[in-house]
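The values are calculated or read from the model by the stated rules, or taken from the named source; none is laboratory data. What you are looking at is a predicted structure, and each value in this text was computed from that prediction instead of being measured. Neighbour counts are summed over all protein chains in view; Cβ atoms, including those assigned to glycine, are modelled from backbone coordinates with ideal geometry.
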Amino acid sequence: MLKNCCTFTISNHWVMKRIFFLFLLCFLAISCKTKKTTLSSGNINNDLKTKEIISLHRNSLPNFETLSGILDVFFDNGKKQQNFPLSLRMKKNETIWLSAPLGIAKALITSEKIQFYNKLDNTYFEGDFHFAKQILGAEINFEMLQNLLLGQLIISPNSLQIEVKENNYTGVFSEEGMQVEFALNPKFRIEKTQITENKENIFLSAEYQYQEVEEQIMPAILKLISKSENQQTTIEIEYKNLQFNQKHNFPYKVPSGYKLLTIE
């Protein structure tokens, strides 16, 4: 539960969860000239071995240094629904920066730290990825987040067997207390992945549609559903007006007088 370290009560926990999911789950894509398509058609190669398929999947990771653009976000937690845009700036493997319209809320994520502030209630947060565990109920780090958003396997399995089903390469494996199921399309990008953590009764699924951007295959739409015993949250993100390898800074400064949020 989020609680103010001072004598301050948060009346809408969903607001904080919304902001967290937004900056945690939004970052990607590249553009200039983009052609949107599911890019799921093609021919499956039945002769490929599991190691070859995994290698081709890893090599399909988009190649860029920085990303920027607008994320059109739909949020639904069963109690509240909302659509809104977010400005995105990102440096691959290092930084994710997000800003709501008029700077009402900003977030800055690095491999070590999660930070955000919210002008709607004059609060801010600063902490590590343990915050993700408190909200999602499952362990996650910067690399896992990046892989999720780029259409890559979140966890690298120690052992795995892949088979062909319905024109996809499909696999199931268990790692770090989680069961992961996935399907790769003929371009070796993830079509769908599901993660189940039975101990905490957590279910997470991600479905992708792709676009071709300067000869790279990038997610165009990401639909993510998180389920726990008490709540289901759906987030759908569409990527617009995106550019890559531009020079950017990542301005972030908490306004004076804001109240620090802590997690219990």
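Taking first residues from the stretch 224-238 that are in contact (Cβ under 8 Å) with a residue 60 or more places away in the chain and partners that are surrounded by fewer than 16 Cβ atoms within 10 Å (Cβ to Cβ) and not in a strand (DSSP E or B), the Cβ contacts under 7 Å between residues at least 6 apart in sequence or on separate chains come to Ser228/Asn201; Gln231/Gly78; Gln232/Gly78. Looking across the stretch 146-165, the residues that are within 24 Å of Ile221 (Cα to Cα) and of a type outside the set (S, T, N, Q) come down to Leu148, Leu149, Leu150, Gly151, Leu153, Ile154, Ile155, Lys165.
When the stretch 65-110 is filtered for residues that are within 21 Å of Lys247 (Cβ to Cβ) and assigned to a loop (DSSP other than H, G, I, E, B), the ones remaining, listed by number, are Glu65, Lys92, Asn93, Glu94. Within the stretch 254-264, being modelled with pLDDT of 90 or more and either hydroxyl-bearing (Ser, Thr, Tyr) or in contact with a strand residue (DSSP E or B) (Cβ under 9 Å, 6 or more places away or on another chain) (or both) holds for Val254, Pro255, Ser256, Tyr258, Lys259, Leu260. Under the condition of being within 20 Å of Leu150 (Cβ to Cβ) and under 16 Å from the mean Cα position of the chain (by Cα), the residues counted in the stretch 183-211 number 14. Would the stretch 39-50 turn up any residue that is among the charged types (D, E, K, R) and modelled with pLDDT under 85? Taking every residue of the stretch 39-50 in turn, none turns out to be among the charged types (D, E, K, R) and modelled with pLDDT under 85.
Considered as a group, the residues in the stretch 216-263 that are under 17 Å from the mean Cα position of the chain (by Cα) and hydroxyl-bearing (Ser, Thr, Tyr) include one that is surrounded by the most Cβ atoms within 10 Å (Cβ to Cβ), and that residue is Tyr239.
Residue pairs whose Cβ atoms lie under 9 Å apart, sitting 6 or more positions apart in sequence or on different chains, and linking a residue in the stretch 48-72 that is free of Cβ contacts under 8 Å to residues at least 24 places away in the same chain and exposed (fewer than 13 other Cβ atoms within 10 Å of the Cβ) to a partner that is in a strand (DSSP E or B) and not polar (S, T, N, Q), are Lys49/Ile162.
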